[in-house]
1. According to a simple spin-label model (label point 7 Å from Cα along Cα-to-Cβ), what is the distance in nm between TYR58 and LYS112?
2. If N is the number of residues in the stretch 225-273, what value comes out of its Cα radius of gyration divided by 2.2 N^0.38 Å?
3. Taking loop as defined by DSSP and a crowding limit of 11 other beta carbons within 10 Å, which GluC sites (Glu not before Pro) in the stretch 333-364 fit?
4. Based on a Kirkwood Rh over C-alpha pairs, give the Stokes-Einstein translational diffusion coefficient of the stretch 1-73 at 4 °C and viscosity 1.567 mPa s in µm²/s.
5. Given a Förster radius of 35 Å and the C-beta distance between GLU19 and ALA373 as r, what FRET efficiency does 1/(1 + (r/R0)^6) yield to the nearest 0.05?
6. On a 0 to 90° scale, report how tilted helix 64-77 is relative to the longest principal axis of the chain, with both axes built from alpha carbons and the result rounded to the nearest 10.
7. Per residue Cα convex hull volume for the stretch 64-169, in cubic angstrom?
8. What lysines could a cross-link reach from LYS221, if we take a straight Cα to Cα line under 26 Å and drop same-chain neighbours fewer than 8 places away?
Amino acid sequence: MTDARFTTLAVSGSYDHAESARHLGSLSEPAHLATAQSFPSMDAMLAATAEDGDGWVYSRRGNPTVRLLEQTVAALEGYQVDAEVSAALTATGMGAITLATTPLLSAAAGPKPNIVASPQCYGSTTMVFDKRYGEERDVDVRWVGDPLSVEDWARLVDGETRFLYAEVPSNPTVQLVDIPALAALARQARIPLIVDATLATPALLRPLALGADVVVHSLTKAAGASGRSMGGAVIARHDLGLRGQPAQLSADYAGWLRRGPLRDMGAVISPFNAWTILADIRELRGRVDAMSRTAHGVARYLAEHAGVVEVFYPGLESHRSHRIAARDMRLVDSERDGGEAENRFGFLLCFRPAGGVRAAHEVMDRLRLVWRANNLGQVKSTATIPGATTHKQAADADPDRVPVPADMIRLSIGIEHLDDVIEDLDQALQAR
């Protein structure tokens, strides 16, 4: 399937005719919900346990349904990447972030480690870095002043830096960073650049193709857009050549994580959740395309509304990251067969209604079609006020570093009709 287009990979993944024949001809991937595998002999059990045989043994170590999703996610994120790519799946997106970063902070690699990160990221990510790493493990967490300035990043990197970390686009203000420039900086320091690309999905942005080393996703979001399952993914290129890290880790980071830390810590995705996400991910390109088109239309409407003070959307020329977004965010395969690459800027946007915090709460309360919920990337449009919910802890801890205005409403656009979404927003804004 390596020569297939993105959508074909999403539909079939590694589940081909031969694999189907091994499952009595099932057209869809089967859900292996058993916790353990039985063996025909002791020799087969020992071989599988030693990872010398084609077995999965126990669902914390591996599972056939989970493996199919792993291979599909790796194929999509590694699409058009000139390198081998592997994936490891976790129970949640935060599990993926923790799995991708914790092993790199080992004391065996040297004295007090530091990490360099963009402050424009999900609130729980900020708390993991500040609380779990900074306070509890004495890691020096260095937040970049201006994530768009490569010089600001470079000034914070030294011999004890273990990784660079960015979220692209960021939640909630949908900011970007210059991934190729940061990848060059990371290569020079022989450390990985880790990118959370949940909001872009591989349908719009593949950081590995731009030079990043490791990508993390919350599969709970657009990959599992039906909203029925939680999951996370760590996808990494092979042969990273990292400074001070074990050779096995650099050779295949995601595989090393799956065989060691993930197996031992146990934060694995359930086979049932993997099975439902496999069904959702088949239509990823078309769904994200439609959601992005609608989001762009909503952003334009809000930008011209007299009752709106500010709109955050990378598809608008007024957005600080617009130039980089126009360069890097492209609908996958839109340029194949002689066509031109088409920009898509994602399904998330934010806006600040006139009137401050009270007005923002009133607009939220008047929404009829859009759901008041803290999740995003679903087929149903949702809205929240991040400064009071998803980013409250981080914003309260350091309001200057975490730029989340208290009156900012975050919209995650689903697959409803554009006119219906605008009508709902219009009545909520006009009723003031």
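1. Going from the LYS112 label point to the TYR58 one covers 3.9 nm.
2. Computed over Cα atoms of the stretch 225-273, the ratio equals 1.40.
3. Here the sparse-neighbourhood loop sites are GLU340.
4. 95 µm²/s
5. It comes to 0.45.
6. 50 degrees
7. Spread over its residues, the Cα hull of the stretch 64-169 gives 144 Å³ apiece.
8. LYS131, LYS380, LYS392
Here, each number is a calculation from the coordinates, and none is a lab measurement. Computed from a prediction, not measured in an experiment: that's the story for all the values here. Please note: Cβ atoms are built from the backbone with ideal geometry, for glycine as well, and neighbour counts cover all protein chains shown.
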